[in-house]
1. For the subset of region 243-274 comprising residues that are within 31 Å of the chain's Cα centre (by Cα) and not in a strand (DSSP E or B), which member is surrounded by the most Cβ atoms within 10 Å (Cβ to Cβ)?
2. Name, by its number, the condition in (1) at pLDDT 95 or above; (2) touching a strand residue (DSSP E or B) at 6+ places or on another chain (Cβ under 6 Å) that does not hold for residue 133.
3. Do you know which of the residues in region 35-52 that are in contact with a helix residue (DSSP H, G or I) (Cβ under 8 Å, 6 or more places away or on another chain) and more than 8 Å from the ligand (Cβ to nearest atom) is nearest to residue 239 (Cα to Cα)?
4. Restricting attention to region 36-59, and to residues there that are within 16 Å of residue 208 (Cβ to Cβ) and touching a strand residue (DSSP E or B) at 6+ places or on another chain (Cβ under 7 Å), which single residue is surrounded by the most Cβ atoms within 10 Å (Cβ to Cβ)?
5. With the checklist (1) at pLDDT 90 or above; (2) crowded, with 19+ Cβ neighbours inside 10 Å; (3) under 21 Å from residue 42 (Cα atoms) in hand, flag the one item residue 148 doesn't pass.
6. How many residues, within region 33-64, are part of a strand (DSSP E or B) and under 26 Å from residue 188 (Cβ atoms)?
7. Among the candidates 283, 216, single out the residue that is farther than 30 Å from residue 45 by Cβ and touching a residue at least 40 places away in the same chain (Cβ under 8 Å).
8. Can you tell me which residue in region 196-212 is surrounded by the most Cβ atoms within 10 Å (Cβ to Cβ), limited to those that are within 16 Å of the ligand (Cβ to nearest atom) and under 17 Å from residue 183 (Cα atoms)?
Ligand code: ATP
């Protein structure tokens, strides 16, 4: 069992804090992605876990044993971890089978055992037809799979993946996401997966840790992170959303420039300011409600209407000047400059703490 625990982990580069008192637990057999914008500290965190960088504070333990702390760094080759980078750097003069066997040869395992382990893994990874080819004779996706096979053959305690799909074209990237998840379901290595691509994180991960400025902003399942963001940063980073600002008028209700919004989920910050998130596909377009709009109802003018095939994208300008993005089924048709009624269902209005 290889539970990985990062406690108060800190790394500076001069005055720059790359990783800021970060806490994260990856349970044995889990795949956790670090997701965040460029420069938020994802790769540095991974390098600390792998032992290629030393922390300035905090600690890392694997299965309860400390591998990093200030002044103590177990070297990478003694951590029983495999790390895969963006460039999968296969040996060009070795065949697929020889590339995959390489890590076992270094460990001086008996030849028969090496051959049998390589055969089984190539079969599982659907690489058997290519075993005698050289890397230059493979597609990008096949090379990436060989890279993964090479990392998995040594049965690492921990698997570390740093943007492993970023060199592939869009179609292949999408296919490989599913492949990575399929392999994870088969092998269950404790894995950290670094990416800045939210769809990739959502497809592959058990848990997503959203990072910002060297810290983890929120950790949760893909569903949790999308449906129950706790902060504006997370709500905006995972999927698109509408953010409305105003003042709290009750425990679960706020006034946002004349629009009264009851929120059935989330929690406001203790002070009076309110920040509310509602996803574009959750806003309903309907006939203008009669009389003064009640809670969670609004009236606005269609400022933009774009047909997207399965959906239509609208921008609606409310009387207050606030603009809302709406994704509706393509059956819901409104014309430019139409004055339309909207419902922002309370169950989809989420109060954010900051
Ligand atoms: P990206 O998605 O662009 O790869 P990231 O989230 O992986 O970004 P890191 O590479 O971990 O971010 O960098 C975090 C911060 O630390 C950045 O501000 C970066 O400039 C800085 N940094 C990283 N490595 C070094 C280094 N060797 N020397 C100085 N600063 C560094």
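The values are calculated or read from the model by the stated rules, or taken from the named source; none is laboratory data. Bear in mind that the values here come from a model prediction, so they are computed numbers and not experimental data. So basically every Cβ, Gly included, is an ideal-geometry build from the backbone, and we count neighbours across all protein chains shown.
1. 263
2. (2)
3. Out of the qualifying residues, it is 35.
4. Kept after step one, since they are within 16 Å of residue 208 (Cβ to Cβ), are these residues of region 36-59: 36-37, 40-42, 45-46.
Filter again for touching a strand residue (DSSP E or B) at 6+ places or on another chain (Cβ under 7 Å), leaving 36, 40-42, 45-46.
On the way: 36: 26, 40: 22, 41: 24, 42: 26, 45: 29, 46: 21.
Taking the candidates together, the pick is 45.
5. (1)
6. Within region 33-64, the first condition is being part of a strand (DSSP E or B), and the residues that meet it are 33-35, 57-62.
Right, trim to under 26 Å from residue 188 (Cβ atoms) and you get 33-35, 59-62.
So the count comes out to 7.
7. Numbers: 216 fails: farther than 30 Å from residue 45 by Cβ.
Result: 283 is the single residue among 283, 216 that is farther than 30 Å from residue 45 by Cβ and touching a residue at least 40 places away in the same chain (Cβ under 8 Å).
8. Among those that are within 16 Å of the ligand (Cβ to nearest atom) and under 17 Å from residue 183 (Cα atoms), it is 201.
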